[in-house]
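See below for the structure under consideration.
The values are calculated or read from the model by the stated rules, or taken from the named source; none is laboratory data. Being a predicted model, the structure only gives us computed values, none of them experimental. Backbone-built Cβ (ideal geometry, glycine too); neighbour counts: all protein chains shown. Side chains included, ligands, DNA and RNA excluded: accessible areas come from the protein's heavy atoms. Shrake-Rupley method; radii C 1.70, N 1.55, O 1.52, S 1.80 Å.
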Amino acid sequence: MASAALDLLVVGGGPAGLAHALWRQQAHPELRFLVTEARPRVGGWLQTEVRDGYVCEHGPQGFRPNEASDDLLALIELSNLAVPSRQAATRRWVLAGGSLRALPTSPGALLRSPVLRLRDKLRLLWEPRVRSSGAADESVRDFFVRRFGPATQPYAQALVHGVFGGDADRLEVRSAFPIARQLEVEHGSVLRGLRARRRAARARRPAARAPLYSFPGGMQQVVDEMAVRLGDAVRTSCPVAGLRPRAEGGFEVVLEGAEPRTLTSRCVELAVPASVAAQLVAPFDDELSRLLGGIRTASVASTFIGASTKAVGGDVEGFGFLAARGTAGSVLGTIYCSSTFGAHAPPDHVLFRVMSGGVGWPAEVDRDGSELIDQAVKLLRQHVDLRGDPAFTHVLRARDAIPQYERGHQERLAAIAASLQRWPGLNLRGASYRQVSVVGQWSAAGSTP
């Protein structure tokens with residue numbers, strides 16, 4: 001085995017690892033660094049398949065624009081290629097009580113909506129007067145009920161079910177939806193905070209922005225471009241077989257792959273799922289490994305159904321619908337892909353993405369493809385009036401893809417950060433810890449080059 005000395009080794013070629021390497025390279029052009037990815041391709045769950053003119057995403061359908069995404073796209077010169085979602089993507093529904101109910105897009109619209117009864121709307125008006133303190137590990141469900149009343153519980157469950165494939169009773173609100181908790185703390189009211197954020201956004205950026213963006217080549221285009229920019233510093237099919245702290249500082253790393261070798265690095269960024277990081281640190285830190293191994297994940301199956309626009313009788317001008325737990329079996333929700341991004345289906349056709357599984361149905365990701373297709377078609381026949389046989393079907397499976405920020409997650413992160421102080425130069429990064437997003441991933445320690 002050959003040996004080499006690095007300033008930085010990034011383990012994991014997902015969006016968090018690639019973005020971190022790019023920013024470090026930008027700040028320190030002289031940096032000696034390497035990005036290793038165990039799989040044959042970079043990007044993690046940011047993977048796009050185009051079949052018969054239909055664009056099928058393994059991971060997120062798009063990304064929400066913010067300062068972090070603006071900066072990253074400017075760095076890799078993709079800003080002008082970002083494709084905005086259609087205006088219809090602001091419309092969403094929730095499947096509750098056997099039917100689709102339109103979700104209001106603003107507090108005012110919520111008060112006018114038939115989603116809640118009059119007494120529940122009056123309770124909603126009381127929200128600015130609700131005490132602004134819950135348990136440190138308050139669940140998403142408890143937060144919704146405390147602030148908005150018991151009638152909002154099904155919508156909290158649907159939100160967590162559809163976004164995380166999780167359980168609103170188990171997920172911690174300040175970890176899963178930190179903005180909601182931040183608005184409560186800063187403004188004493190979520191509704192008041194939302195109004196303030198809207199005013200600030202209009203003042204800062206008068207031009208309206210779409211709620212979501214993608215790229216002509218799908219979401220995979222952003223990670224492919226990052227990899228191109230990093231060039232030979234990215235090594236795929238190169239799993240890390242061993243990690244060991246060195247007495248003189250830094251780490252010794254054993255790489256597998258076509259050219260196995262041992263190298264040393266002053267700093268190591270573990271931009272891999274927490275379960276993988278747990279295995280890598282286990283030989284030298286049992287406690288840190290235990291903490292990392294305690295972060296659960298959910299698996300999801302995505303069933304894509306394409307059809308002629310003439311074969312759909314229902315209203316599909318929107319982003320899609322979330323399914324409250326128990327209302328559609330193992331289904332978490334459905335995305336109207338071509339209503340969100342028009343180019344995701346051939347002309348005069350539509351594409352649906354029915355997502356199922358999550359923590360409640362862990363075996364769903366391994367279910368027979370024909371059964372998943374039958375389930376999706378039946379659901380679409382019932383709720384969007386799909387007629388006849390679909391023109392296109394495809395199934396994608398994402399195992400252990402969505403981290404679950406369960407109650408006590410912030411306390412766990414604090415313990416992880418404390419453990420990392422024993423290992424200067426070791427860092428954790430990625431969606432396992434905070435912010436399920438394409439960019440702006442969290443780092444658990446403060447030792448970076």
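A few points about this structure:
- Residue within region 399-408 that is at pLDDT 95 or above, in contact with a Leu (Cβ under 7 Å, 6 or more places away or on another chain), among the hydroxyl-bearing types (Ser, Thr, Tyr) and within 24 Å of ALA301 (Cβ to Cβ) present: yes
- Residue in region 27-42 that is under 15 Å from the mean Cα position of the chain (by Cα) and under 30 Å from GLY320 (Cα atoms) present: no
- Among the candidates GLU259, GLU287, residue that is exposed (fewer than 15 other Cβ atoms within 10 Å of the Cβ), of a type outside the set (Gly, Ala, Ser) and in contact with a helix residue (DSSP H, G or I) (Cβ under 7 Å, 6 or more places away or on another chain): GLU287
- Neighbours by Cβ (under 6 Å, 6+ apart or cross-chain): first from region 148-160, without any contact (Cβ under 8 Å) to a residue 40 or more places away in the chain; second not in a helix (DSSP H, G or I): ALA151/LEU116; ALA156/ALA168; VAL160/GLY166; VAL160/ALA168; VAL160/LEU171
- Checking each residue in region 231-250 for being touching a residue at least 40 places away in the same chain (Cβ under 8 Å) and surrounded by fewer than 21 Cβ atoms within 10 Å (Cβ to Cβ) picks out ALA233, ARG235, THR236, SER237, PRO239, GLY242, ARG244, PRO245, GLY249, GLY250.
- Residue match in region 48-59 (condition: at pLDDT 95 or above, surrounded by 14 or more Cβ atoms within 10 Å (Cβ to Cβ), over 16 Å from MET226 (Cα atoms) and hydroxyl-bearing (Ser, Thr, Tyr)): yes
- Enumerated strands (runs of 3 or more DSSP E) restricted to region 15-110, each holding at least 3 residues that are touching a residue at least 12 places away in the same chain (Cβ under 8 Å) and touching a Phe, Trp or Tyr at 6+ places or on another chain (Cβ under 7 Å): 92-96, 99-102
- Within region 262-283, the residues that satisfy the criterion of being of a type outside the set (Val, Ile, Thr), open to solvent by less than 40 Å² (accessible area, probe 1.4 Å) and in a loop (DSSP other than H, G, I, E, B) are ALA271, ALA282.
- Residue check for GLY218: buried (at least 17 other Cβ atoms within 10 Å of the Cβ), at positive phi and not in a helix (DSSP H, G or I): yes
- With respect to the conditions (1) touching a helix residue (DSSP H, G or I) at 6+ places or on another chain (Cβ under 6 Å); (2) under 17 Å from ARG101 (Cβ atoms), SER132 falls short on a single one, namely (2).
- Within region 179-215, considering residues that are among the β-branched types (Val, Ile, Thr) and either at pLDDT below 85 or under 30 Å from SER338 (Cβ atoms) (or both), the one most open to solvent (accessible area, probe 1.4 Å): ILE179
- Near pairs, Cβ below 9 angstrom, 6+ apart or cross-chain, from region 337-354 (open to solvent by less than 50 Å² (accessible area, probe 1.4 Å)) to any residue that is acidic (Asp, Glu): CYS337/GLU57; SER339/GLU317; HIS344/GLU57; PRO346/ASP52; ARG353/GLU57
- Residue within region 351-365 that is among the acidic types (Asp, Glu) and closer than 30 Å to GLN153 by Cα present: yes
- Test: residue in region 156-178 that is more than 30 Å from ARG399 (Cα to Cα) and either assigned to a loop (DSSP other than H, G, I, E, B) or open to solvent by 40 Å² or more (accessible area, probe 1.4 Å) (or both): no
- GLN375 being of a type outside the set (D, E, K, R), over 19 Å from the mean Cα position of the chain (by Cα) and closer than 30 Å to LEU413 by Cα: no
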